[in-house]
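*Asks:* Structure provided below as structure tokens; questions to follow.
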Ligand SMILES: Cc1cc2nc3c(=O)[nH]c(=O)nc-3n(C[C@H](O)[C@H](O)[C@H](O)COP(=O)(O)O)c2cc1C
């Protein structure tokens, strides 16, 4: 394992949704396993671990999924008002073939039996757990210099059939995973003028939701300021 892996704050700061920066080299098996191990260590409601990971490397499967996603991209673009369609057009939304590896993350609502501790009143906690596994994977990959791109332009039924998910397991994500030549410092959707982020002070509320923000934002050491090579 690399001696110069990043601290968790550095990984959080560096992490990007990667589409165009994959080198084309596949991620090696040992690294992939460490990343999947990080995902599998995520917290989960009732310790149910409701996730599964299908690793896809077959070029024909990657191509089939990329073609499906391309169709969904066109559908989305065609439904946009003309001005938004123009902004959207140059934005790349996936690196399915270039990354060389897809990880399909499945969610099994039945995992953990009928009485999942903590899920009785909040039905979605199983899906939340699965998404936490994805975030663990994403940060671990970043620490390894491996890019991850989340693709959600798909019909769940198509993807389930493509990778043979059994009934009851639904896909939550297709993750493009592979080495990158750099991590962008600014999210693509900001760089291309689709949507910018908002400051933390707007997201933080005190005591009640109506009381937004804080008078002055304390300084943070994890703001992205420079280009960092993996
Ligand atoms: C649930 C989810 C689905 C997403 N689906 C896509 C997608 O289909 N295509 C894409 O290019 N990015 C997708 N993204 C990535 C977001 O666009 C990205 O996280 C956001 O623009 C912020 O950029 P950053 O991740 O580089 O900080 C998705 C992210 C999440 C969390």
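*Asks:* Order of 76, 209, 153 from fewest to most other C-beta atoms within 10 Å?
*Replies:* Arranged by neighbour count, lowest to highest, 76, 209, 153 become 209, 76, 153.
*Asks:* Turning to a different aspect of this structure: Hey, how much of the P(r) for the stretch 8-192 falls beyond 28 Å, as a percent of Cα pairs?
*Replies:* Across the stretch 8-192, Cα pairs with separations above 28 Å total 27 percent.
*Asks:* I've got another one for you. Run the numbers on the chain and let me know its relative contact order in percent, using alpha-carbon pairs under 8 Å that are six or more apart.
*Replies:* That works out to 32 percent.
*Asks:* Mean projection of the alpha-carbon convex hull of the stretch 119-205 over all orientations, in nm²?
*Replies:* Result: 8.9 nm².
*Asks:* Could you please state, rounded to a whole Å, how far the C-alpha centre of the stretch 31-55 is from the C-alpha centre of the stretch 87-131?
*Replies:* About 11 Å separates the Cα centre of the stretch 31-55 from the one of the stretch 87-131.
*Asks:* Can I ask one more? Roughly how many nanometres apart are two label points built 7 Å out from the Cα toward the Cβ at residue 87 and residue 75?
*Replies:* 2.3
*Asks:* Order the peptides 111-121, 97-107, 42-52, 22-32 from the highest to the lowest mean number of other Cβ atoms within 10 Å of their residues.
*Replies:* Most protected by this proxy first, the peptides run 97-107, 42-52, 22-32, 111-121.
*Asks:* If you bin the C-alpha pair distances of the stretch 85-137 every 5 Å from 0, what whole percents do you get?
*Replies:* 4, 14, 17, 15, 14, 11, 10, 8, 5, 2
Every number in this text was worked out from the coordinates using simple rules, so none of it is lab data. Computed from a predicted structure; not experimentally measured. Cβ sites come from the backbone with ideal geometry, for glycine too, and all protein chains shown count toward neighbours.
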